[in-house]
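The next block holds one structure in the form of structure tokens; read it before the comments.
The values are calculated or read from the model by the stated rules, or taken from the named source; none is laboratory data. Because the structure is predicted, anything quoted here is derived from the model rather than measured. All Cβ positions, glycine included, derive from the backbone under ideal geometry; neighbour counts span all protein chains shown.
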Amino acid sequence: MPKIQVPELLGMDAVTLAKTIKAKEVSCRAVMEAFLNHIDRINSKVNAIVSIQDRETLLKQADERDAQLARGEYLGWLHGFPQAVKDLTATKGILTTQGSPLLKNFIPQADAFLVERLKKSGAIIIGKTNTPEFGLGSQTYNNVFGTTLNAYDQKKTAGGSSGGASVSVALHMQVVADGTDFGGSLRNPPAFNNVFGFRPSYGRVPSGPADDVFVRQLGYPGPIGRTVSDVALLLSVLAGYDTRDPLSIEQDASVFLEPLKRDFQGTRIAWLGDFDGYLAMEPGILELCRDSFKAFESIGCTIEEAQPDFPAEKRWATFVTLRHWLTAGNLGHFYDDSAQREQLKPEAQWEVEGGLRLSAMDVYRASANRTSVYQAANRLFKTYDYLLLPTSQVFPFAADLHWPQEINGRKMDTYHRWMEVCFFATLIGCPVINVPVGFNQDGLPMGMQIIGRNHADLAVLQLAYSYEQATRWVSKRVSPLLVSA
């Protein structure tokens, strides 16, 4: 009989669970049974995990992991972990719809690089996590699987596009999860579900296979977890150079297994807030973020208000142009077929149509402007060690609302204008993590972005870890679904 009981098993963080499995204190079969039983109880209430695989097949895979351990073959940190992969990411032999009816029957013949690494480290792929159609928008709904609901309030959105991933982690249906982020998808859903989500430096986690490996630099994968140590653990599996992705970073990924505790006395942090009134913010968000300053100050940091010297509206136009261009490149073949075009949601059609109107010079100027945004951030980093921003401009909104039409009386003119607070970090390509900052009076979670210098991924995780130790928001306030479960 395993020494670890099921409730304790589900409550373990990834670091503890990995050590427990390696020490053979619990069998991989017991782990699989515990998580599948928990998913059976919880998932129907939130619709986070989709395309769940056959139970007996998964248990046989768990038995094989146990047999490997018995032979002294330990595959890695995720040995025996039940993992659901984001449905934007290709999984060999497992349905990968990207939330689109156009791909509702698509089964890839090869794994994405990320999935290769999960499997190599011993993970067992149990299914997929739900995502909006082609990952467009921070609201996880689609016409294939339906809507994913918030872990803390099932009348509210989970955010997106890593909504299913974030909810599954928040509700202990998996210990850690992969996600992807173009305009905030590793930040906004974790903020809406009181967990950590890390968008690494560009190239940290190789992305592919893809038709292009040079210009698609705005969207890529990263880890989600309930602790910063878990995020770092998963990053150590996902990160590292791959010859198929020539812009990937060559640094040894084992650096993310080093202790995260460090001294932050004298650390200077810039608070960018709402970009000096430029962004509309729902009341209560800025206040929660400012309340979190005390935690940073308690570990030795000082926080000052500052702004990047680049026009905010020009930054928005830069993002929209590059988003149009890349989305048109990705979805243009669907749009060209009138029958398939009708099956694209309006926001997808709008993106492609915007891309089709662009000239080569429009794209070049946008790329040059993006460079200027990066240089403006780099100038801030000459003075400050980190930058802070809210993670969202609204609290989780109604699950049946596609996107907020206005914020605090200010109209939103596109489906993603309400997420603009995330686009600064996207454009500069620097590492950024969402950390929880607490809840509003309605019990809805919120988060804040910690942004670090280019390639300073470990430093961002270290600050997030120290902040986590000072706040403990994830363990302090769990979902009512877990209490009732």
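Residues of segment 12-37 that are free of Cβ contacts under 8 Å to residues at least 24 places away in the same chain and in a loop (DSSP other than H, G, I, E, B): 23, 25. If you check 449, 405 for being over 30 Å from residue 247 (Cα atoms) and of a type in the set (S, T, N, Q), only one passes: 405. Of all the listed residues (254, 248), the sole one being of a type in the set (Ser, Thr, Tyr) and not in a helix (DSSP H, G or I) is 248.
In summary, helices (runs of 4 or more DSSP H) completely within segment 271-360 and bearing 3 or more residues that are over 23 Å from the mean Cα position of the chain (by Cα) and farther than 28 Å from residue 444 by Cα occur at 312-335, 338-341, 346-356. Within segment 364-376, residues that are within 15 Å of residue 316 (Cβ to Cβ) reach partners that are surrounded by 20 or more Cβ atoms within 10 Å (Cβ to Cβ) and among the hydroxyl-bearing types (Ser, Thr, Tyr) with beta carbons closer than 7 Å, at six or more positions or on different chains, in the pairs 366/318; 366/321; 369/318; 370/318; 373/318.
Counting residues in segment 434-445 that are farther than 19 Å from residue 289 by Cβ and buried (at least 24 other Cβ atoms within 10 Å of the Cβ) gives zero. Restrict the check to segment 189-199 and report whether at least one residue is at pLDDT 95 or above, closer than 11 Å to residue 222 by Cα and surrounded by fewer than 24 Cβ atoms within 10 Å (Cβ to Cβ). Within segment 189-199, not a single residue is at pLDDT 95 or above, closer than 11 Å to residue 222 by Cα and surrounded by fewer than 24 Cβ atoms within 10 Å (Cβ to Cβ).
The single condition from (1) closer than 30 Å to residue 266 by Cα; (2) hydrophobic (A, V, I, L, M, F, W, C); (3) not in a strand (DSSP E or B) that residue 437 fails is (3).
Let's see how each residue does on (1) without any contact (Cβ under 8 Å) to a residue 24 or more places away in the chain; (2) among the hydrophobic types (A, V, I, L, M, F, W, C); (3) under 30 Å from residue 25 (Cβ atoms):
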{"position": "85", "(1), (2), (3)": "no, yes, yes"}
{"position": "93", "(1), (2), (3)": "yes, no, no"}
{"position": "96", "(1), (2), (3)": "no, no, no"}
{"position": "99", "(1), (2), (3)": "no, no, no"}
{"position": "109", "(1), (2), (3)": "yes, no, no"}
{"position": "145", "(1), (2), (3)": "no, yes, no"}
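Quick one: count up the residues across segment 263-300 that are without any contact (Cβ under 8 Å) to a residue 60 or more places away in the chain and over 17 Å from residue 422 (Cβ atoms). The number of residues fulfilling the criteria is 11. Residues satisfying the criterion are absent from segment 69-76 (criterion: in contact (Cβ under 8 Å) with a residue 12 or more places away in the chain and closer than 30 Å to residue 347 by Cα).
The rows are residues; the columns are (1) outside any helix (DSSP H, G or I); (2) more than 25 Å from residue 220 (Cβ to Cβ).
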site	(1), (2)
388	yes, no
415	yes, no
420	no, no
443	yes, yes
469	no, yes
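Any residue that is touching a residue at least 24 places away in the same chain (Cβ under 8 Å), buried (at least 23 other Cβ atoms within 10 Å of the Cβ), more than 26 Å from residue 233 (Cβ to Cβ) and of a type outside the set (Val, Ile, Thr) - is there at least one of those in segment 382-390? Yes, segment 382-390 contains at least one residue that is touching a residue at least 24 places away in the same chain (Cβ under 8 Å), buried (at least 23 other Cβ atoms within 10 Å of the Cβ), more than 26 Å from residue 233 (Cβ to Cβ) and of a type outside the set (Val, Ile, Thr). Checked against the criterion of being of a type in the set (Lys, Arg), part of a helix (DSSP H, G or I) and more than 17 Å from residue 215 (Cα to Cα), the candidates 379, 370, 365 yield just one match: 379. Anything in segment 338-375 that is among the aliphatic types (A, V, I, L, M) and surrounded by 18 or more Cβ atoms within 10 Å (Cβ to Cβ)? List them, or say none. Residues satisfying the conditions are 344, 348, 352, 366, 373. For beta carbons closer than 9 Å, sequence separation of 6+ or different chains, a first residue in segment 393-407 that is more than 17 Å from residue 136 (Cα to Cα) and modelled with pLDDT of 95 or more and a second that is among the β-branched types (Val, Ile, Thr) and in a loop (DSSP other than H, G, I, E, B), the qualifying pairs are 407/394.
Kindly indicate whether residue 302 is surrounded by fewer than 16 Cβ atoms within 10 Å (Cβ to Cβ), of a type in the set (Ser, Thr, Tyr) and out of contact with any Phe, Trp or Tyr (no Cβ under 8 Å at 6 or more places or on another chain). Yes; evaluated as a whole, the condition is true for this residue.
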